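**Q** Input: one structure, supplied below.
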């Protein structure tokens, strides 16, 4: 079983995230059994096509063994540094964890190709280190590659609350940083702070739920019992 | 149209005061504070379980004030209710004759007296403002038609002494485009810094009410910085409170000075007195603002539209 469940982001959302970003560096993930069927070599081919349809140029592409491992990413990002320099954005065909790790390594806008959703139930993941909530509508392309759903104690979508002081969270200033302060810092460093003026719509919690197909597949694995 | 809205539209000074509903069912003190406020304020905010401490609902508090002829401002936070409950409460508020709202994100539940509670935050302050705007247009957030569209006078919070002025301005702009028609600020203690920020914020074209808190002691001032995060109290003020013979007098003097220094850049004052409400008329006088705000335009509190 893969660890992270993904599905392609709706095309209109992807197109909006790549607006005024003609040259794209594509980074695919080969992990978690080829990223739930959306990654791997086939995923790269698929997004080559998608980008061509959207009128974007692919400056380079790389298939990473595990996009969530910074050492694996660095290997390719260093090798393809000249190509990366020419790109307006990095499209990451990976789960929300992979996208965030890549976003921490490049100083280009990072765009998630996929939405990561939850099949329900988590095992062995500490809340303090959670980076992807599998919410099914990835915001990383709007938030400098840092997830406000997990990095903000309130999961706020439209900037830090009044409780953010000195970059620390009101819930526990000693132990928790303010995720939005980190987003703001990264957006400001890349001259994109004014993107914060746009309202990010309320979460669509219906996208968190697994699809009918997945529910059917899980039921089949359990011998026809959905368990719900 | 509410008195608050009317005054701000006419560029007349507006005075508001924050009142807390009781923790319990006894509303006598709450109502008498409200009745007193008629002597100096145009409208009274009713807090929505400030600091995540469980109390009587803001909606009930507003309805009680309205019955006693006091114009309420409904504070609504996103902490406890999802978008269904929030929209439902807004419709109910309008039906009861409550039109002024202050849309807030709200403190985290971990800070209050029920840290075991689930924090909701289905919406945030800008999204709550846009939800209210959406209802005014006759549809709900899911696009469904409403039987009768409410009208609101929609407010939001701001910090006039922010650590990051550029970011605070962006947040204010975002709230304005989501529907904010007035701002009530957090308490200000550094008039110099607030002055330079207000010169920029004033250009946004939305009236701002200056937040005023009476510092009850140097200790309270220090606690305020951790409770009302984002509030900054200068060292010089702490020293004044520590060395003062009469702390109440000194606190009053500090508040009056801040108000006087900033009065020309704001369209009103918002008092958060934490029990020292009786100082408000004097503070207004000290700042050269007559505490007879209500007497001069004793308009009837509107209900309905």
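Computed from the coordinates by the stated procedures, all read-outs in this text should not be read as laboratory data. All values reported here derive from a predicted model rather than from experimental measurement. Cβ coordinates were reconstructed from backbone atoms using ideal geometry, including for glycine residues, and neighbour counts include every protein chain displayed.
**Q** Can you give me the C-alpha center-to-center distance between region A:134-198 and region B:149-226, rounded to a whole angstrom?
**A** 20 Å
**Q** What spacing in nm lies between the two simple spin-label points modelled at residue A:49 and residue A:85, each 7 Å away from Cα in the Cβ direction?
**A** Simple spin-label model gives 3.4 nm for this pair.
**Q** While we're here: In what sequence do B:33, B:154 fall when counting other Cβ within 10 Å, fewest first?
**A** Lowest count first: B:33, B:154.
**Q** Then there's this: Compute log10 of I(q)/I(0) for region A:5-214 with the Debye formula, placing one identical point scatterer on every Cα and leaving out solvent, at q = 0.12, 0.13, 0.17 Å⁻¹, to two decimals.
**A** Debye curve over Cα of region A:5-214, log10 I(q)/I(0) at q = 0.12, 0.13, 0.17 Å⁻¹: -0.60, -0.70, -1.22.
**Q** Using only the Cα atoms of the protein assembly as shown, build the gyration tensor, take square roots of its eigenvalues as a ≥ b ≥ c, and label the shape rounded, prolate or oblate: rounded if a/c is under 1.5, else prolate if a/b is larger than b/c, else oblate. Before the final figure, lay out the partial values.
**A** Details: a/c = 2.27, a/b = 1.87, b/c = 1.21.
Prolate.
**Q** Further question on the same structure: Compute the distance from the alpha-carbon center of region B:253-268 to that of region B:73-146, in whole Å.
**A** Answer, in whole Å: 31.
**Q** Translational D (Stokes-Einstein, µm²/s) of region B:144-198 at 25 °C and 0.890 mPa s when Rh comes from the Kirkwood sum over C-alpha pairs? Intermediate results must be reported in sequence, preceding the final value.
**A** On the way: Rh = 12.8 Å.
Once the numbers are plugged in, D ends up at 191 µm²/s.
**Q** Estimate the FRET efficiency between residue A:23 and residue A:198 by the formula 1/(1 + (r/R0)^6), using the beta-carbon distance for r and 25 Å for R0, to the nearest 0.05.
**A** Numbers: r = 23 Å, r/R0 = 0.92.
Computed FRET efficiency for residue A:23 and residue A:198 comes out at 0.60.
**Q** Continuing with this model, one more query. Write down the percent of antiparallel bridges among all DSSP beta bridges whose residues are both part of region B:3-296, to the nearest 5. Write down the numbers at each step before the final one.
**A** Values: 1 of 33 bridges.
For region B:3-296, the DSSP antiparallel bridge percentage is about 5.
**Q** Where does each of A:134, B:282 land when they are ranked from fewest to most other beta-carbon atoms within 10 angstrom? Numbers along the way, then the final one.
**A** Details: A:134 23, B:282 16.
With the sparsest Cβ surroundings first, the list reads B:282, A:134.
**Q** Give me the inter-chain shielding for A:150-160: mean count of other chain Cβ atoms within 10 Å, whole number please. Working shown, then result.
**A** Values: counts 0, 0, 2, 5, 11, 5, 8, 5, 11, 10, 6.
That works out to 6 on average.
**Q** Starting with the fewest neighbours, write out B:176, A:183 ranked by other beta-carbon atoms found within 10 Å of each beta-carbon.
**A** Ordered by Cβ neighbours within 10 Å, fewest first: B:176, A:183.
**Q** Residue separation times 0.36 nm, minus the C-alpha to C-alpha distance between residue A:75 and residue A:209: what's the value?
**A** On the way: separation 134, 0.36 × 134 = 48.24 nm, distance 3.53 nm.
Fully extending the segment from residue A:75 to residue A:209 adds 44.7 nm.
**Q** In nm, to one decimal, how far is the modelled label at residue B:278 from the one at residue B:227, with both set 7 Å along Cα→Cβ?
**A** Those two pseudo-labels are separated by 2.0 nm.
**Q** Using Cα pairs under 8 angstrom and six or more residues apart, how large is the relative contact order of region B:3-296, in percent?
**A** Details: 542 pairs, mean separation 53.4, N = 294.
Contact order relative to length: 18 percent.
**Q** P(r) tail for region B:3-296, what percent of Cα pairs lie past 27 Å? Walk me through the intermediate numbers first.
**A** Values: 16623 of 43071 pairs.
Tail fraction, whole percent: 39.
**Q** Still on this structure: Please work out how much length the chain gains when fully extended from residue B:142 to residue B:54, using 0.36 nm per residue of separation minus the C-alpha to C-alpha distance, in nm with one decimal. Show your work: numbers first, answer last.
**A** Values: separation 88, 0.36 × 88 = 31.68 nm, distance 2.98 nm.
Taking residue B:142 through residue B:54 to full extension adds about 28.7 nm, to one decimal.
**Q** Is it possible to state the helix-based mean residue ellipticity at 222 nm for the protein assembly as shown, with each DSSP H run of 4+ residues giving -39500 (n - 2.57), the sum divided by total residues, to the nearest 500 deg cm²/dmol? What is it?
**A** Numbers: 21 runs with 200 residues, N = 533.
So the calculated ellipticity at 222 nm is -11000 deg cm²/dmol.
**Q** At what distance in nm do the modelled label points of residue B:67 and residue A:220 sit from each other, each positioned 7 Å from its Cα along Cα→Cβ?
**A** So the label points at residue B:67 and residue A:220 sit 6.2 nm apart.
**Q** Follow-up question, since we're still on this one. May I ask you to derive the relative contact order of region B:1-117, considering only C-alpha pairs under 8 Å and at least 6 residues apart, and to give it as an integer percent? Don't skip to the end; give the middle numbers.
**A** Details: 186 pairs, mean separation 29.7, N = 117.
Value for region B:1-117: 25 percent.
**Q** With springs only between Cα atoms under 10 Å, which of A:140, A:75, A:14 fluctuates most in a Gaussian network model of chain A?
**A** Of A:140, A:75, A:14, the Gaussian network model singles out A:75 as fluctuating most.
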